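Worksheet for the structure shown next.
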Amino acid sequence: MNRQEIFTNVRSCVAETVHVAIDNIREDSKLVDELGIDSIDLLDLTFQLEQRFNIQLSPGEFANRAKEKLGDTPFEIKDVYTPKAMEYIRSAMPEVPLAELPDGLTRQELPRRFRVATMVNLVEKALGALEKKNG
Amino acid sequence: MAKTVLVTGGSGALGKALVTRFRDAGERVFFTYHKNEKNAKEITEKTGATAIQADLTRAEDVARMASSLQAQSESIDVLINNAGLTQVMPFALIEEEDWDFVINTNLKSMFLTTKAIARRMIAARRGVIINIGSIAGRRLLEVPVHYATAKAAVCGFTLALAKELARYNIRVNTVIPGMLADGVSSMVPEKQKQEYLKYCAAGRPGEMSEVAAAVFFLASDAASYINAQEICVDGGI
């Protein structure tokens, strides 16, 4: 499945979750601030994506991968991402403009940076991992 | 159409009563158990409910249980968070590991299970969640502090969750049993039992089936306007 096909499917799931006209959903649309998605909607959206693509998306996977990569370097201190963690986040979320990922970002603030493209990337990675696993 | 019901901690005394009540009504029932395979097998044979082994304090086990459920059933209509335990222990003797054990078994398991199952209810835009609390978290009683803390927290969990999930047509309530004739209550020392009965209007311990009946009602469409409530089944105390 190519990226455009993934986007088309993700867009349709987002539209179902937040009842927004499909034409108003772009890859760079912000999930929280523009489309009005909240934390429970995110649960709904990830479940719909899992069903649609037959994959597993764990909300904690992103942080777990980052923690693995950082090793003994702390990922966050009192809910604030460390500078090393921010470096990882910036590289893992190229769809988010760098200006929106400054040092000192908190766990609570990060989801507000999510774009539709963030979900497309997550699905793309999960499909890639699945393909690799199935040979 | 039969509802699909998941009862956590189904191999315990109250769990068994819950599984039996819903099966008697013709519902499709799944239940989890941790270590008591013998009981789980007996309940399965007797009721026809499906048992799933899982340690619900472990996220991997919860994910496996949810996947197994998803493979066997299109939807989950009712979740009953019943898994839990206590230790009879005075405050001064409770160690850090005891605290973690009781809090995790009663609370973390409820959080992990609800998170995994609520996703399917949210997608279906309907569902009922019933959390089992305890009189230990509500009244001035001589009860283990860590258990009382965990059970009091169940009520807060219910309130906040009910608020978040209401727009998806998911009701969340707590059922608070008083002292019962079996289960966790069987560990209560005689002196405390007599003290409880002295103030209990019914003058007797409750039956498992009486708690199961309240849970069954809350899970039914007859309770469609009951949300975010704490229903005490304690004989009046």
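The values are calculated or read from the model by the stated rules, or taken from the named source; none is laboratory data. On a predicted model such as this, the values are computed, not experimentally measured, just so you know. No Cβ is skipped: glycine too gets one built from the backbone with ideal geometry, and neighbour counts run over all protein chains shown. Side chains included, ligands, DNA and RNA excluded: accessible areas come from the protein's heavy atoms. Shrake-Rupley method; radii C 1.70, N 1.55, O 1.52, S 1.80 Å.
Here are a few things to note about the model shown:
- Test: residue in segment A:83-91 that is among the hydroxyl-bearing types (Ser, Thr, Tyr), surrounded by 14 or more Cβ atoms within 10 Å (Cβ to Cβ) and at pLDDT 90 or above: yes
- A:Phe53 vs. criteria within 19 Å of A:Ala126 (Cβ to Cβ), modelled with pLDDT under 90 and of a type in the set (Phe, Trp, Tyr): no
- Which numbered condition A:Ala129 misses (of (1) modelled with pLDDT of 90 or more; (2) under 17 Å from the mean Cα position of the chain (by Cα)): (1)
- Residues in segment B:133-159 that are without any contact (Cβ under 8 Å) to a residue 40 or more places away in the chain and within 29 Å of B:Tyr225 (Cβ to Cβ) were compared, and the one that is least open to solvent (accessible area, probe 1.4 Å) is B:Gly137.
- Verdict on B:Thr114 being of a type in the set (Val, Ile, Thr), assigned to a helix (DSSP H, G or I), open to solvent by less than 30 Å² (accessible area, probe 1.4 Å) and in contact with a Ser or Thr (Cβ under 7 Å, 6 or more places away or on another chain): no
- Test: B:Ala71 is modelled with pLDDT under 95 and either open to solvent by less than 30 Å² (accessible area, probe 1.4 Å) or out of contact with any helix residue (DSSP H, G or I) (no Cβ under 6 Å at 6 or more places or on another chain) (or both): yes
- Considering residues of segment B:120-132 that are within 13 Å of A:Leu43 (Cα to Cα) and in contact (Cβ under 8 Å) with a residue 24 or more places away in the chain only, the residue nearest to the other protein chains (Cβ to nearest Cβ): B:Ile122
- Residues in segment B:81-104 that are polar (S, T, N, Q) and either out of contact with any helix residue (DSSP H, G or I) (no Cβ under 8 Å at 6 or more places or on another chain) or modelled with pLDDT under 95 (or both): B:Thr86, B:Gln87, B:Asn104.
- Evaluation of B:Asn227 against (1) in a strand (DSSP E or B); (2) touching a Lys or Arg at 6+ places or on another chain (Cβ under 7 Å); (3) farther than 23 Å from B:Thr105 by Cβ (one fails), failing number: (1)
- Of all residues in segment A:20-53, those satisfying the criterion of being surrounded by fewer than 16 Cβ atoms within 10 Å (Cβ to Cβ) and within 14 Å of chain B (Cβ to nearest Cβ) are A:Gly36, A:Asp38, A:Ser39, A:Gln51, A:Arg52.
- Here B:Leu140 meets each of (1) modelled with pLDDT of 95 or more; (2) within 26 Å of B:Pro90 (Cα to Cα) with one exception, condition (1).
- The single condition from (1) in contact with a Leu (Cβ under 8 Å, 6 or more places away or on another chain); (2) over 29 Å from A:Asn24 (Cβ atoms) that A:Asn64 fails is (1).
- Pairs are defined by a Cβ separation below 8 Å, a sequence spacing of at least 6 or placement on different chains, a first member in segment A:54-73 that is more than 14 Å from chain B (Cβ to nearest Cβ), and a second member that is among the aromatic types (Phe, Trp, Tyr) and open to solvent by less than 60 Å² (accessible area, probe 1.4 Å); the pairs so defined are A:Ala66/A:Phe75; A:Ala66/A:Tyr88; A:Lys67/A:Phe75; A:Lys69/A:Tyr88; A:Leu70/A:Tyr88.
- Some residue of segment B:160-171 being open to solvent by 10 Å² or more (accessible area, probe 1.4 Å), within 14 Å of chain A (Cβ to nearest Cβ) and at positive phi: yes
- Tally of residues being assigned to a helix (DSSP H, G or I), under 20 Å from the mean Cα position of the chain (by Cα) and of a type in the set (Asp, Glu) across segment B:57-77: 1
- Qualifying residues in segment B:1-56 (those that are polar (S, T, N, Q) and outside any strand (DSSP E or B)) - the one nearest to B:Asn82 (Cα to Cα): B:Thr8
- Among all residues of segment A:5-13, there is at least one that is free of Cβ contacts under 8 Å to residues at least 24 places away in the same chain, away from chain B (no Cβ under 14 Å), under 26 Å from A:Gly128 (Cα atoms) and open to solvent by 80 Å² or more (accessible area, probe 1.4 Å).
- As for segment B:76-98, it holds no residue that is open to solvent by 20 Å² or more (accessible area, probe 1.4 Å), among the aliphatic types (A, V, I, L, M) and in contact with a Phe, Trp or Tyr (Cβ under 7 Å, 6 or more places away or on another chain).
- Set side by side, the residues B:Ala222, B:Ala213 differ, and just one is part of a helix (DSSP H, G or I) and exposed (fewer than 13 other Cβ atoms within 10 Å of the Cβ), which is B:Ala222.
- Taking (1) within 14 Å of chain A (Cβ to nearest Cβ); (2) in contact (Cβ under 8 Å) with a residue 60 or more places away in the chain in turn, B:Leu85 satisfies each apart from (1).
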